[in-house]
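Inspection log for the structure reproduced underneath, given as structure tokens.
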């Protein structure tokens, strides 16, 4: 173990319309930072959590960054790459909103896992870190969905093609693609949003619609066809159930379309929405229209982030 | 209207594992042939149907080729490209088994639609003919699924990305890809196989599995990655319900895998199965193993067809 490390892991937009639990992309910002340094006390401790308004636990078994870090540390110890009594102290800096639909827990989990790996000289590959990040994610959401953690960790636009065994496929990112995400100041708990879907019986027609759209979305990325990408952002499975959790949803989506968005839907389990555009100017205009619509339709202030897909994923920072 | 025409429309394999109603590919054989010639009697008549063991109607309103042909003729008349009293006489030659899961009704529908278009000097494009072919298909199956008619008409490996409005996307076909289809001598009525799915409530987990696999299948075709293609041929939605309609299903699928198939599942609504392979020799071996397994496990003789994906689709023949 060497000098202390700081790792940034980015926010992510998942589901992306038709691809519940299977599609996600990394954003350039916001994101979380986790610092890790050696400690004399065996195991993982969390010295502090900042930026969370006191909402997150500093118990390493309850904090997602702690759980992910401990998973990596245990793996390194079990494979002889860390001493069995190795100790790590984490500082977790939340720099993005909780329960926002932007993969906040995934970003912390990823940053925790990557930070430990960096501290030990990077013994594991990025892809090898994914199961450890998911161990953290599971604490937050009560489920193992990888469509936030995988893009936050690996960067890019990814498809989780299988969960058993886990398989992640990098999809091409069209050069002109820009993403706008708009986060209204309200919260949707992921576990609650997921509970809405459990026990639901979906019709074959709903499934067929989403199957066609996921196929089209993947084809659109390979073709670099943003118009097709836009047409593919339709979700018959999840959006009909979850949109009620987001005040002003229909009006904001309509505002995005009216402002020229090529597709708009819920980011993760919301309340953030994402929209695609084909230029920075276009994405900025779409984001502004969506913020305005949240205010007018639901009386909610909103933050927005605009930019290309983050191709790099989590990374050490100064 | 000119000289009589003969049109061949190929069989097709649809669903292809995860892609219920959205994925299909054209085969080189078998297929149906429809002959069309001018008639003095207005509208569409069917002079004869051969190869159907007397099972199909010669009433043009009941026979899928007649319905598709009439749909094209009505469209041409409505748009001034055919006389309002134009008459066509068809001869329908079934050269593939009925209720086989190989798109028999789609092939007849497509051949009927294309034959009328040829007779009038090809006023419509292939894609413009699709809705007319589907009008025929609807008579047979009671539903409008395009994943047999579209590949039979257009050739290749296609995605029906949307039904409202209908959108068909051509997917790339890896050069080495070979398809084996094996048709056991029993029947599954499409309408009955579809009824199994109606009123079913599918879980979100089932949907997620198929969403991931359809995405992977499309990515695999763009990448030319046959191993990934093979891993994507898993169906959690439909196969669990429909496999009971096919005697010996599990044993035949296992035999295909054992013989080296890269993916195997039900073709359309069955009872035919398809398997992918990466060479003619491999596909031939897989087909033989599947035929043997149908005989051993279910006492059923079976036919098989092996070859590349048919890139041409329906075509005039001598």
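Taking a ≥ b ≥ c as the square roots of the eigenvalues of the alpha carbon gyration tensor, the range A:178-307 is oblate, as a/c is not under 1.5 and a/b does not beat b/c. Taking the label point 7 Å along Cα→Cβ, residue B:62 and its counterparts in the other copies are spaced 7.3 nm apart, in ascending order. Among B:238, B:139, B:114, the ranking by other beta carbons within 10 Å of each residue's beta carbon, starting with the fewest, stands as B:139, B:238, B:114. Here r is the Cβ-Cβ distance between residue B:192 and residue A:258 and R0 is 35 Å; the resulting FRET efficiency, rounded to 0.05, is 0.15.
The long axis of helix A:204-223 is offset from the longest Cα principal axis of chain A by roughly 80 degrees. Across the range A:163-271, C-alpha contacts under 8 Å between residues 6 or more apart give a mean separation that, scaled by the residue count, equals a relative contact order of 34 percent.
If you wrap the tightest convex hull around every Cα atom of chain A and split its volume per residue, you get 120 Å³. Per residue of peptide A:162-173, the mean number of Cβ atoms on other chains within 10 Å of the residue Cβ is 3. Between copies, the label points of residue B:50, set 7 Å from Cα on the Cα→Cβ line, lie 8.6 nm apart, reported in increasing order to one decimal in nanometres. Taking a ≥ b ≥ c as the square roots of the eigenvalues of the Cα gyration tensor, the range A:126-200 is oblate, since a/c reaches 1.5 or more and a/b is not larger than b/c. Taking the longest Cα principal axis of chain A as reference, the axis of helix A:249-258 is set at about 70 degrees. How do B:7, A:64, B:188, B:181 line up, fewest other C-beta atoms within 10 Å first? Taking fewest neighbouring Cβ atoms as first place, the list is B:188, B:7, B:181, A:64. Taking B:269, B:39, B:109 as the candidate residues, the one with maximal mean-square fluctuation in a Gaussian network model of chain B, Cα springs under 10 Å, is B:39. The mean number of Cβ atoms from other chains found within 10 Å of a Cβ in peptide A:18-29 is 3, as a whole number.
Computed on the protein assembly as shown, the Cα convex hull volume stands at 154 Å³ per residue. Distance from the axis that maps chain A onto chain B is least for the Cβ of the chain A residue given, with the whole Å value, as A:201, 1. Over all pairs of different C-alpha atoms, the range B:178-225 has a mean inverse distance whose reciprocal, the Kirkwood radius, equals 14.0 Å. With springs only between Cα atoms under 10 Å apart, run a GNM on chain B and tell me which of B:155, B:201, B:66 wobbles the most. So, out of B:155, B:201, B:66, the one fluctuating most is B:201. The angle between the Cα long axis of helix A:126-141 and the longest principal axis of the Cα atoms of chain A comes to about 80 degrees, rounded to the nearest 10. Dividing the helix sum by the residues of the protein assembly as shown, where each DSSP H run of 4 or more adds -39500 (n - 2.57), gives a mean residue ellipticity at 222 nm of -11500 deg cm²/dmol. Per residue of peptide B:197-207, the mean number of Cβ atoms on other chains within 10 Å of the residue Cβ is 6.
Take residue A:121, move 7 Å from Cα toward the beta carbon, and the resulting point lies 8.0 nm from the same point in each other copy, nearest first. Ordered by the count of other Cβ atoms within 10 Å of each Cβ, fewest first, B:301, A:162, B:40 give B:40, B:301, A:162. Taking the alpha-carbon centroid of each part, what is the distance from the range A:54-92 to the range B:227-281 in angstrom? That distance is 44 Å. So how far, in whole Å, is the C-alpha centre of the range A:298-318 from the one of the range B:139-180? Result: 38 Å between the Cα centres.
The reciprocal of the average 1/r between distinct C-alpha atoms defines the Kirkwood hydrodynamic radius, which for the range A:5-171 equals 15.3 Å. Extension gain, residue A:296 to residue A:175, is 40.2 nm, computed as 0.36 nm per intervening residue step minus the present C-alpha separation.
Readers should treat all values here as calculations from the given coordinates under stated rules, not as data from a laboratory. Because the structure is predicted, anything quoted here is derived from the model rather than measured. Counting neighbours? That spans all protein chains shown, and the Cβs are built from the backbone with ideal geometry, glycine included.
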